[in-house]
Structure formats: C-alpha cells, structure tokens
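Visitor: First the structure, then my questions, so here it is.
The values are calculated or read from the model by the stated rules, or taken from the named source; none is laboratory data. These numbers were taken from a predicted model, which means no experiment stands behind them. Neighbour counts run over all protein chains shown; Cβ positions are idealised from the backbone, glycine included. Accessible surface is based on the protein model in full, side chains and every heavy atom, while ligands, DNA and RNA are left aside. Shrake-Rupley method; radii C 1.70, N 1.55, O 1.52, S 1.80 Å.
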Amino acid sequence: MAHEERKDFNAMLHNSKDMPKMQVITDRKSIEKYGGDRMYFAPPLDYDRVMKRIPRGQLTTVGAIRAHFARQNQADFTEPITAGIFVSIAAWASEQRDTEKTPYWRTLKANGELNAKYPGGVETQKARLESEGHTVLARGRKTLRYYVKDYEKALADLDRLDAPGSAGDRQ
C-alpha cells in the first residue's frame, strides 16, 4: 500500500461494501484451482475480528482464515485477493487506533512467511514474533524472505477460538 499515513484505515475496515456475499464462479481454471464454484467474500471487519482472537504465542495464516470463513459459510473457498488486502487494512487500522489493538503480526502469509506490507515491514513483525518466542529465519540469496520456523506447530485452531464463549488472549 502507498501513502499509508494519509489513509483512514479504520474507515476502510468498517466499510463492508456489499459483503458478506456468496458468488458462484464459472471459470473452469478457478473452479479446478479452488476446488469448487462457491466463492465467499468476507468483509474487512471479519478478518480483524479473527486476527484479534489469536492468542500470544500462537499464529494463523491468511489461508487458514480464508478456509475458516469458507467452512463457516458453506463455501468452497474465500476470495483470495480481498483477503490479502483486508488483512493489511486490519494491520494498518490497528496502528492508527489507541485502543483495541489487533495483534496482526501473528497472521502470516502462506508457508509461514512474514508480511512486508504490515506497518514497520518484516523487521517489526520479526521483532514482535521473536518477543513471543518464535524463531524467524531468512531464506534466499538475492531477495531475502522471512519465515517463522515450524510455524505449523503454533497454528491456532480458528474454529475453536471462534466458538461462542471462547476468548483468545488479545495481546
């Protein structure tokens, strides 16, 4: 994202547009890729709500959140492009708030990769994750990418965390 300092991410977070919604897709390649034709669109605030429930020491991925929403809404998959955008909006909105922070650094990209689009980039996310006991590894020769070592062992059970009466450690 560009010019983050000029944007009101909390307004974006609360702008659900026409979501949630379900759309049936007809593109054969997409149906094969995602395993079905029922595509769910979750509003940005739903991503923030799930991200807030990830306890200290645990992690999730954008893909795990998407799969969680698909299960909850009897969809084959959740739309991937808006998911990435909405996770970033949730992160930046949290940085703009004085209260009710979202521990966005606990939400990783695919394969446990850190997200350079979060506030402060990978350096800030790396420092926060390491302060919670995770090990972050650099991979690559020309372009370094950062990953949480054994991230799979720390993945939160989103279905359990989202159950009525459950509460994740908010910070």
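Visitor: Answer yes or no: is there a residue in segment 44-54 that is closer than 22 Å to Asn111 by Cβ, among the hydroxyl-bearing types (Ser, Thr, Tyr) and open to solvent by less than 40 Å² (accessible area, probe 1.4 Å).
Guide: Yes - at least one qualifying residue is present in segment 44-54.
Visitor: In segment 102-143, how many are under 20 Å from Ile85 (Cβ atoms), outside any helix (DSSP H, G or I) and either of a type in the set (A, V, I, L, M) or out of contact with any strand residue (DSSP E or B) (no Cβ under 6 Å at 6 or more places or on another chain) (or both)?
Guide: Residues flagged as under 20 Å from Ile85 (Cβ atoms), outside any helix (DSSP H, G or I) and either of a type in the set (A, V, I, L, M) or out of contact with any strand residue (DSSP E or B) (no Cβ under 6 Å at 6 or more places or on another chain) (or both) within segment 102-143 amount to 11.
Visitor: OK, next. Taking Ala163 as the residue in question, decide whether it is modelled with pLDDT of 95 or more and open to solvent by less than 80 Å² (accessible area, probe 1.4 Å).
Guide: So Ala163 fails the test.
Visitor: Is it the case that some residue within segment 26-34 is among the acidic types (Asp, Glu), within 28 Å of Ala154 (Cβ to Cβ), open to solvent by 20 Å² or more (accessible area, probe 1.4 Å) and assigned to a helix (DSSP H, G or I)?
Guide: No: zero hits.
Visitor: Still on this structure, please answer the following. For a quick check of your reading of the model, give me the residue pairs whose first member lies in segment 140-151 and is in contact (Cβ under 8 Å) with a residue 60 or more places away in the chain, whose second is part of a loop (DSSP other than H, G, I, E, B) and open to solvent by 60 Å² or more (accessible area, probe 1.4 Å), with beta-carbon atoms closer than 8 Å and at least 6 apart or on different chains.
Guide: Val148/Thr135
Visitor: Pairs, please: C-beta under 7 Å, at least 6 apart or cross-chain, first residue free of Cβ contacts under 8 Å to residues at least 24 places away in the same chain and closer than 17 Å to Thr82 by Cα and in segment 17-39, second of a type in the set (Asp, Glu) and part of a loop (DSSP other than H, G, I, E, B)?
Guide: Pairs that qualify, where the first residue is free of Cβ contacts under 8 Å to residues at least 24 places away in the same chain and closer than 17 Å to Thr82 by Cα and the partner is of a type in the set (Asp, Glu) and part of a loop (DSSP other than H, G, I, E, B), are Val24/Asp37; Ile25/Asp37.
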